[in-house]
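Report on the following structure.
The values are calculated or read from the model by the stated rules, or taken from the named source; none is laboratory data. Keep in mind that what you see is a predicted model, and the values were worked out from it rather than measured. Because the Cβ atoms are built from the backbone with ideal geometry, glycine has one as well, and the counts that use them run over all protein chains shown. For accessibility, only protein heavy atoms count, side chains too; no ligands or nucleic acids. Shrake-Rupley method; radii C 1.70, N 1.55, O 1.52, S 1.80 Å.
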Amino acid sequence: MGQLQAAIIPVTPFQQNCTILFDADSKHGVVVDPGGDVDTILAAISENGLTIEAIWLTHGHIDHAGGADELRSALGVEVIGPHQDDLPLLQNLEKQAAMFGVAMKVANVMPDRWLADGDRVSFGEHVFEVFHCPGHAPGHVIYFDRAQGFAHLGDVLFSGSIGRTDLPGGNHQQLLDSIRDKVLPLGDDVGFICGHGPGSRIGDERRSNPYLVGI
Ligand SMILES: [Zn+2]
Ligand SMILES: [Zn+2]
């Protein structure tokens, strides 16, 4: 098994971190959260000589899922995740574009497979555990590679911040509960990529993130 590698491609007017996770040896991998700018994502895939096996979604917001249907058609792979509680969001991606007033190409998407807490997804020998972490979005999931000490946290936890909870289906206390019960127990040494901005380590956020004080 080769080293897990990540390539981050900022996409959409929201500068969302579309992430390609791949094996450094086999060059097989997955695209996490293709929010839009599908041509840019496809260019990154071919420049790196990658074979994409699936599209994984963390949640149903436009900047994470808006390009999933188009990328699925282009690559001929399945869209996996998030949790089915995000079905209403995924059916209204085009309306979200209007709500945010953004000019970007977006299409509603129906995943090929929903995920639930405790599921596992993989490419090659890289296995990721799935945790359902509602609060920012009802069906938000995160992906954890225990062997590599790496997690993709979507919009649950950022470096120095947490996901917003003022969007439809958001719930601040539920988000804090998800972070306390699902994210922090992954371990202080776990490094993560998130949906916006730089990544971090869970221990660093536990110690210094102002939103986590006292949870
Ligand atoms: Zn979001
Ligand atoms: Zn986002």
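What to note about this one:
- Candidates in segment 44-80 are the residues that are free of Cβ contacts under 8 Å to residues at least 40 places away in the same chain and open to solvent by less than 40 Å² (accessible area, probe 1.4 Å); of these, the one that is farthest from ligand 1 (Cβ to nearest atom) is LEU50.
- Every residue from segment 65-86 that is assigned to a loop (DSSP other than H, G, I, E, B) and not small (Gly, Ala, Ser): VAL77, PRO82, HIS83
- Boolean, LEU71 is closer than 24 Å to ASN171 by Cβ, within 18 Å of the chain's Cα centre (by Cα) and of a type in the set (A, V, I, L, M): no
- Some residue of segment 36-55 being part of a loop (DSSP other than H, G, I, E, B), at positive phi, among the acidic types (Asp, Glu) and within 12 Å of the chain's Cα centre (by Cα): no
- Among the residues making up segment 187-203, those that are open to solvent by 70 Å² or more (accessible area, probe 1.4 Å) and away from ligand 2 (no atom under 16 Å from the Cβ) are ASP189, ARG201.
- Put simply, of ILE179, ILE215 the only residue that is modelled with pLDDT under 95, of a type outside the set (Lys, Arg) and more than 15 Å from ligand 2 (Cβ to nearest atom) is ILE215.
Matching residues to (1) open to solvent by less than 10 Å² (accessible area, probe 1.4 Å); (2) outside any strand (DSSP E or B); (3) of a type outside the set (Ser, Thr, Tyr); (4) touching a residue at least 24 places away in the same chain (Cβ under 8 Å):
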residue: VAL121; (1), (2), (3), (4): yes, no, yes, yes
residue: GLY135; (1), (2), (3), (4): yes, yes, yes, yes
residue: ILE142; (1), (2), (3), (4): yes, no, yes, yes
residue: ALA151; (1), (2), (3), (4): yes, no, yes, yes
residue: ASP155; (1), (2), (3), (4): yes, yes, yes, yes
residue: THR165; (1), (2), (3), (4): no, yes, no, yes
residue: GLY170; (1), (2), (3), (4): no, yes, yes, yes
residue: LEU176; (1), (2), (3), (4): no, yes, yes, yes
residue: PRO185; (1), (2), (3), (4): no, yes, yes, no
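- A single member of ALA116, ALA103, ALA137, ALA97 is at pLDDT 95 or above, over 13 Å from the mean Cα position of the chain (by Cα) and of a type in the set (A, V, I, L, M, F, W, C), and it is ALA116.
- Qualifying positions in segment 102-137 - within 16 Å of ligand 2 (Cβ to nearest atom) and out of contact with any Pro (no Cβ under 8 Å at 6 or more places or on another chain): VAL106, VAL109, CYS133, PRO134, GLY135, HIS136
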